[in-house]
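The values are calculated or read from the model by the stated rules, or taken from the named source; none is laboratory data. Bear in mind the structure is a predicted one, so any value in this text is a computation, not a measurement. Cβ placement follows ideal geometry from the backbone for every residue including glycine, while neighbour counts extend to all protein chains displayed. Surface areas here come from the heavy atoms of the whole protein model, side chains and all, with no ligands, DNA or RNA. Shrake-Rupley method; radii C 1.70, N 1.55, O 1.52, S 1.80 Å.
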Amino acid sequence: MRRIGADVGGGILVTLVCLAVPVPVVAVHLQGDRLSGIPTAWWLAVFAVFAAAFMTGMWFMELAPRRVRLAALAVYSVLAPVLVLTAPGTGWTPLLLVLTVAVSAYMVPPRVSTALVAANTAVAALATARVSDSPLEIGMVAGLYLMLQAVSVLSVRAQQSEIESRHRLAEAHVRLRAAAALQAESSRLDERLRIARDLHDLVGHQLTVLSLELEIASHRAGPETAESIDRAKGLTRQLLGDVRATVGEMRQDVPRLRETLESVVVDLPEPVVHMRIDDSVETDAEVTRALLRCVQEVVTNAIRHARAENLWIDIAQDGERVTFDARDDGLGSPGFEPGNGLRGMVERMEDLGGTVEFSGEGGFRVRAAVPA
């Protein structure tokens, strides 16, 4: 549990409940009574192992390797029934069954959770039967802990579903923004090219014809009109040159990199994206498109895999190359294998003569460079 807030607060509460379970056992021991199963010292030793495995599985749920989490799950799932059966009638020990099911629901599929609930309910009934001959009491205790376990599992499933829905919505938001940015930039460039063609084909041609007509008129005109015709010829040549220069500038228009990339992450609730783009960076349409796809991929990765709260993106000009540096404060993974999205990023950059490097140490990081 990494985030400051409800998750950490809930984890602290669960930890306190877990650590409070041995209190009645110790109280019984101090009163001179004995547990019906094993000596109190042995019971407390078993509980210490249980607590260590349980805390590992809970607090390092996202950080520990999967094999470590599964080993911890196996340990505390086995030791919880042992603790309950060896200390029946001492108050709170069956709560361990509820806690183990609640935490394990984060890691195992529903069918495994259902099996654990059934097994733990049988343990609760058996522990009650050791201290009571009343079928009604046995049934009530078993039913109570059945409901508590079911509620805890369903709550975890609902929380996971809500988190996954939020992540899918954020990913869809990024994809939609990226597609909209590409379409807007493409439409803008297409419109400028259309205007450039119209200027060249219509105004340019008309000015060329006008220049030729003035040239013919200058040979036929008398001395009194020659000066005016020469001035008109000069203005026509100047205007034709201005039109050609404007058409050339419109065809070489630089895409609006900052506006295009910032539009992808605007209003994104999580992670918080800190983007910095040097004013000196100038890119053509192909590089802009590649950088936009890089932004989309690193944001999606931070949402889907890293569970990051912050993402820093830095784009700068380094001589003849544009550099892209993105890092997050998520989980990271030193031995990760790039998926299709990251491989697509590499292919785009290499097609443009660029390079890409990945790092999973201390969060996920991408470094790329491409010719401007």
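Got a number for residues in region 105-115 being crowded, with 22+ Cβ neighbours inside 10 Å and either part of a helix (DSSP H, G or I) or not hydrophobic (A, V, I, L, M, F, W, C) (or both)? Lay out the reasoning, then the answer.
In the first step, residues of region 105-115 are kept if they are crowded, with 22+ Cβ neighbours inside 10 Å; the result is 105, 113.
From the residues that got through so far, the ones that are either part of a helix (DSSP H, G or I) or not hydrophobic (A, V, I, L, M, F, W, C) (or both) too are 113.
The total comes to 1.
Let's see how each residue does on (1) closer than 28 Å to residue 295 by Cα; (2) open to solvent by 60 Å² or more (accessible area, probe 1.4 Å); (3) among the acidic types (Asp, Glu):
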{"residue": "90", "(1), (2), (3)": "no, no, no"}
{"residue": "120", "(1), (2), (3)": "no, no, no"}
{"residue": "138", "(1), (2), (3)": "no, no, no"}
{"residue": "141", "(1), (2), (3)": "no, no, no"}
{"residue": "144", "(1), (2), (3)": "no, yes, no"}
{"residue": "163", "(1), (2), (3)": "yes, no, no"}
{"residue": "169", "(1), (2), (3)": "yes, yes, no"}
Does residue 326 count as closer than 16 Å to residue 178 by Cβ and of a type in the set (A, V, I, L, M, F, W, C)?
yes
Flagged in region 24-75 as open to solvent by 50 Å² or more (accessible area, probe 1.4 Å), more than 26 Å from residue 305 (Cβ to Cβ) and not aliphatic (A, V, I, L, M), in numbering order, are 29, 31, 32, 33, 34, 36, 39, 42
Selection from region 8-23 of residues open to solvent by less than 60 Å² (accessible area, probe 1.4 Å) and of a type outside the set (S, T, N, Q) yields 8, 9, 10, 11, 14, 17, 18, 20, 21, 22
What pairs come out if I take residues in region 70-93 that are touching a residue at least 40 places away in the same chain (Cβ under 8 Å) and pair them with residues that are surrounded by fewer than 20 Cβ atoms within 10 Å (Cβ to Cβ) and of a type in the set (Phe, Trp, Tyr) whose C-beta lies under 9 Å away, six or more apart or interchain?
86/42
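Are any residues in region 102-131 within 22 Å of residue 25 (Cα to Cα) and touching a residue at least 40 places away in the same chain (Cβ under 8 Å), and if so, which ones? Show your work before the answer.
Restricting attention to region 102-131, the residues satisfying the condition of being within 22 Å of residue 25 (Cα to Cα) are 120-131.
Selection gives 120, 123, 124, 126, 127, 128, 130, 131.
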Select from region 259-278 the residues that are at pLDDT 85 or above and either among the small types (Gly, Ala, Ser) or surrounded by fewer than 16 Cβ atoms within 10 Å (Cβ to Cβ) (or both) and write down the one among them that is nearest to the chain's Cα centre (by Cα).
272
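What residue, of 282, 337, 361, is over 22 Å from the mean Cα position of the chain (by Cα), surrounded by fewer than 20 Cβ atoms within 10 Å (Cβ to Cβ) and at pLDDT below 85? Outline the logic, then answer.
Working: 337 fails: over 22 Å from the mean Cα position of the chain (by Cα); 361 fails: over 22 Å from the mean Cα position of the chain (by Cα).
Residue meeting the stated conditions: 282.
Is it the case, given these coordinates, that residue 354 is over 19 Å from residue 290 (Cβ atoms), among the small types (Gly, Ala, Ser) and either in contact (Cβ under 8 Å) with a residue 60 or more places away in the chain or touching a Phe, Trp or Tyr at 6+ places or on another chain (Cβ under 6 Å) (or both)? Explain how you work it out, then say what you get.
Values: over 19 Å from residue 290 (Cβ atoms): no; among the small types (Gly, Ala, Ser): yes; either in contact (Cβ under 8 Å) with a residue 60 or more places away in the chain or touching a Phe, Trp or Tyr at 6+ places or on another chain (Cβ under 6 Å) (or both): yes.
So residue 354 does not fit the description; no.
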Determine if region 155-163 includes at least one residue that is at pLDDT 90 or above, assigned to a helix (DSSP H, G or I) and out of contact with any helix residue (DSSP H, G or I) (no Cβ under 8 Å at 6 or more places or on another chain).
yes
Filtering region 338-358 down to residues that are among the hydrophobic types (A, V, I, L, M, F, W, C) and over 20 Å from residue 320 (Cα atoms) yields 342, 345, 358
